[in-house]
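Please read the structure below before turning to the comments.
Nothing in this text is a laboratory measurement; each read-out follows from the coordinates by a stated rule. All values derive from a computational prediction rather than experimental measurement. Cβ atoms come from the backbone with ideal geometry, glycine included; neighbour counts cover every protein chain shown.
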Amino acid sequence: MAEKVIVDPLFRTMENVYSPEDLARLRSFAEVVWARNDPMPAEEVEAYREEVTAIIAGYWKYGSVDRFPRLRAILETGGGFPSPASLDYEACFRRGVRVLSCAPAFGPAVAEMGLALALASARQIAETDAAIRRGEGNWSHAEFGGTFLMYDKPVGFIGYGGLARSLKPLLAPFRCPISVHDPWLTDAYLRTQGVTPADLDTVLSSSRFIFVLAVPSASNRALLDREKLSLIRPDAVFVLLSRAHLVDFDILTEFLAEGRFRGAVDVYPEEPLPQGHPIRNVPNVVLSSHRAGATGEALRNIGRIVVNDMEAILRGLPPQEMQTAQPEFIRMRGQATS
């Protein structure tokens, strides 16, 4: 008899995440329970909790993992690990319940957008587009308005997780030397990746392109405060990709409005961004509405890696494509929600 797997997409939809082929493949080796766009009712969960082997869901809303005696895996489809406030990780680690995040599915899409935002800012693409539409536009080949190329410019990564690993190969044609600040990785490991480990101040003060790529944690909230943002050189482009959690967003807005450096932003402390927020009127920042990973291809990629790893787990093999919660990171980082 096939093992039972709850599929509860919650804020996503089945159609957006699972191609017909991937869903059929999942049904070929598991008994799929629920698999509807409406949230799975508590009474339905209760009806299956003693038999279910895995739960695939956008976030954890199911109470104690000990309610599920046969549970072997939790596969989230939201984009980040469930908050420890909702999921008891120690119980999962003790019982050998794997907790997996679909974050790697978004890596290529977010990296591509990060490169696009950086180039749009450095080459003033959005500003030029707006000027031409206003009937202005600088057609002179003698006045360049401070634009510059990415080729051979020093790049700084804040964080070297999945997003950074997806972005690095996209920068290879530009021959950019890359320095990385990531306190969760050793210098020796970073060097094996072909990047230069550096402290945060060095990354901020020496880079022409700065990419904020780190996962939000209890220890890095507003890591980039007034003092740190003051280190950014005036000819730099600051690209905020992972979460606004890492930045004092009011100070960032202030500095961009003053023209202290250029910026490109995809994530905000409040979304949707309030209509009256001053960053909407800052000319030297390219704004994106948290769409770096919001593509149909990226969402379908979630379904693909979920089904691949679910098959591996049910065959008694280790998952290979989703990100696995590590005790050290969960305990040391905590988990931020913004």
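Can you tell me which of Phe81, Phe29, Phe209 moves the most in a GNM of the chain? Springs connect C-alpha atoms under 10 Å apart. Per the Cα network of the chain with a 10 Å cutoff, Phe29 tops the list. Each residue of the range 289-300 is assigned a 3J(HN,Hα), and the resulting list reads 8, 6, 10, 4, x, 8, 10, x, 5, 5, 5, 5 Hz, derived from the Karplus form 6.51 cos²θ - 1.76 cosθ + 1.60 (θ = phi - 60°), x at Gly and Pro. For the range 310-318, backbone phi angles converted through the Karplus equation (6.51, -1.76, 1.60; θ = phi - 60°) give residue-by-residue couplings of 5, 4, 4, 4, 5, 8, x, 10, x Hz, Gly and Pro being listed as x. Close amide-amide hydrogen proximity is noted between Ser83 and Trp60, each under 5 Å apart and 5 or more residues distant or on a separate chain (H modeled in the peptide plane; Pro and chain starts excluded).
Here is how the number arises for the chain: DSSP H runs of 4 or more residues each give -39500 (n - 2.57), the sum is divided by the residue count, and the result at 222 nm is -9500 deg cm²/dmol.
Pairing the Cα long axis of helix 162-171 with the longest principal axis of the chain, what angle in degrees results, from 0 to 90 and rounded to the nearest 10? The helix 162-171 is inclined about 40 degrees to the chain. Put simply, when 154-167, 65-78, 287-300 are sorted by average Cβ atoms within 10 angstrom per residue, most first, you get 154-167, 65-78, 287-300. Using a cutoff of 8 angstrom between alpha carbon atoms and counting only pairs six or more residues apart, the relative contact order for the range 23-125 works out to 20 percent. For the chain, the relative contact order comes to 19 percent (Cα pairs under 8 Å, sequence separation of at least 6). Extending 7 Å from the Cα toward the beta-carbon at both Glu311 and Glu90 defines two label points whose distance is 3.8 nm. Taken one residue at a time, the phi angles of the range 145-152 give Karplus couplings (6.51, -1.76, 1.60, θ = phi - 60°) of x, x, 6, 8, 8, 7, 3, 6 Hz. Gly and Pro are set to x. Stretched out straight at 0.36 nm per residue, the stretch from Leu185 to Arg280 would grow longer than its current Cα-Cα span by 30.6 nm. Compared with the dominant Cα axis of the chain, that is its longest principal axis, helix 20-29 is turned about 40°. Annotation: amide H-H contacts under 5 Å for Cys176 (H modelled 1.01 Å from N, sequence separation of 5 or more, or interchain): Asp152.
Across the range 106-287, Cα pairs under 8 Å and at least six residues apart give a relative contact order of 21 percent.
Per-residue extension of 0.36 nm, minus the Cα-Cα distance of Arg133 and Ser230, leaves a gain of 31.5 nm for this segment. Between Arg123 and Thr202, the contour length at 0.36 nm per residue exceeds the alpha carbon distance by 26.0 nm. In terms of overall dimensions, the range 106-287 has a Cα radius of gyration and Dmax of 16.1, 54 angstrom. Per the Debye formula on identical point scatterers at the alpha carbon atoms of the range 175-247, with no solvent, log10 I(q)/I(0) at q = 0.17, 0.19, 0.28 Å⁻¹ is -0.65, -0.81, -1.47.
Remark on Val286: its backbone amide H falls under 5 Å from those of Gly263, Ala264, Val265, a criterion applied only to residues 5 or more positions apart or on other chains, H modelled at 1.01 Å from N. On C-alpha positions alone, give me the angle between the axis of helix 107-122 and the longest principal axis of the chain, in degrees, nearest 10. That works out to roughly 10 degrees. Neighbours of Glu76, meaning other residues whose beta-carbon lies under 12 angstrom from its beta-carbon, give a summed charge of +1 when Lys and Arg score +1 and Asp and Glu score -1.
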